[in-house]
């Protein structure tokens, strides 16, 4: 199994005729994602990578049938209107790739999604990849890279950093440990599916036997994951690395969402809280594969 994406999901790309939209559509299609078309206002009737282009999501739905996922490659100022259009049309999962989306716009998208029973990943995300199933967004860069770097296995990967999402899966794969799904939740302070929500999805996935998580300073996502473990809502082995140990209070580390405010969101606090509930927190990023192997062996998944 996989979370969020598999070969049955019918996908469109909003912004398919732009430079990024074209390039990433090629990646997703060549990887095997079930992309059925795309949307760019004013470009209806054209084609990209052999896929039909429509002026609106509603027109795409009427012509192609139900759409499960929309991947957005839209300029940040236009993301809100594009996302709301997709939600209104009935799409239940959005992958919002662009960064610099205004926070108020994200809050409006979140409200609309909640009311419609929809979900979104991002903004400021590289997306989602399930080895052998499909990719939403831009993880892997090219289909040939994505196929060679990642393969199916028992570990779910979630991260607040796009590059680290790929790195964690890549280095584990070099040690013979595959993944069920890779999820970059997004680097902003407010995201649609933060770490605790993704961890809960992995907990419910029968094929995911362990979870590897990259956290960092800022927000309370990692502490919320610790709460889930403490409450018994997550009992699968969890390996975590927290970035930003050297960051000072009041400064931003890497992402818009990675900023320490007062005593909230510090590296020390996150590590202490996760360790207190039994999460395997590693000090060195390079230790992730070995510790993952260890917890899988202890769970009887690996010999």
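Values quoted throughout were computed directly from the atomic coordinates according to the rules given, and no laboratory measurement underlies them. All values reported here derive from a predicted model rather than from experimental measurement. With ideal geometry, Cβ positions are generated from the backbone for all residues, glycine too; neighbour counts draw on all protein chains shown.
Structure data summary
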item	result
Using a Förster distance of 35 Å, the FRET efficiency for residue 206-residue 284 (Cβ separation, nearest 0.05)	0.65
Calculated FRET efficiency for the pair residue 62/residue 171, C-beta based, R₀ 51 Å, to 0.05	0.70
Length-normalised contact order for the range 150-298 - Cα pairs under 8 Å, 6+ apart - percent	24
Spatial separation of Cα centroids for the range 12-55 and the range 171-191, in angstrom	25
Full-stretch length increase - residue 47, residue 88 - with 0.36 nm per residue and alpha-carbon distance subtracted	12.3 nm
Relative contact order (%) - the range 11-121, alpha-carbon pairs under 8 angstrom, separation at least six	23
Between helix 267-276 and the chain: long-axis angle, C-alpha atoms, 0 to 90°, nearest 10	70
Nearest-ten-degree value, helix 162-174 long axis tilted from longest Cα axis of the chain	60
Listed peptides 212-224, 45-57 by packing density, highest first (mean Cβ within 10 Å)	212-224, 45-57
Segments 13-26, 143-156 sorted - mean Cβ within 10 Å per residue, highest first	13-26, 143-156
Percentage relative contact order, the range 162-248, counting C-alpha pairs under 8 Å, at least six apart	27
Kirkwood Rh and Cα Rg combined as Rg/Rh, the range 36-81	0.95
MRE, 222 nm, helices only [DSSP H, n ≥ 4, -39500 (n - 2.57), over the chain, to nearest 500]	-10500 deg cm²/dmol
Residues of the range 205-228 with amide N under 18 Å of the 7 Å Cα→Cβ point at residue 7	207
Kirkwood Rh, angstrom, the range 65-192 [1 / mean 1/r, Cα pairs]	14.9
Rg to Rh, two decimals, where the chain supplies the alpha carbon set and Rh follows Kirkwood	0.97
Cα-Cα separations in the range 1-155 greater than 21 Å, expressed as whole percent	39
Cβ-based exposure ranking for 130, 159, in which fewest neighbours within 10 Å come first	130, 159
C-alpha long axis of helix 195-204 to longest principal axis of the chain, angle in °	90
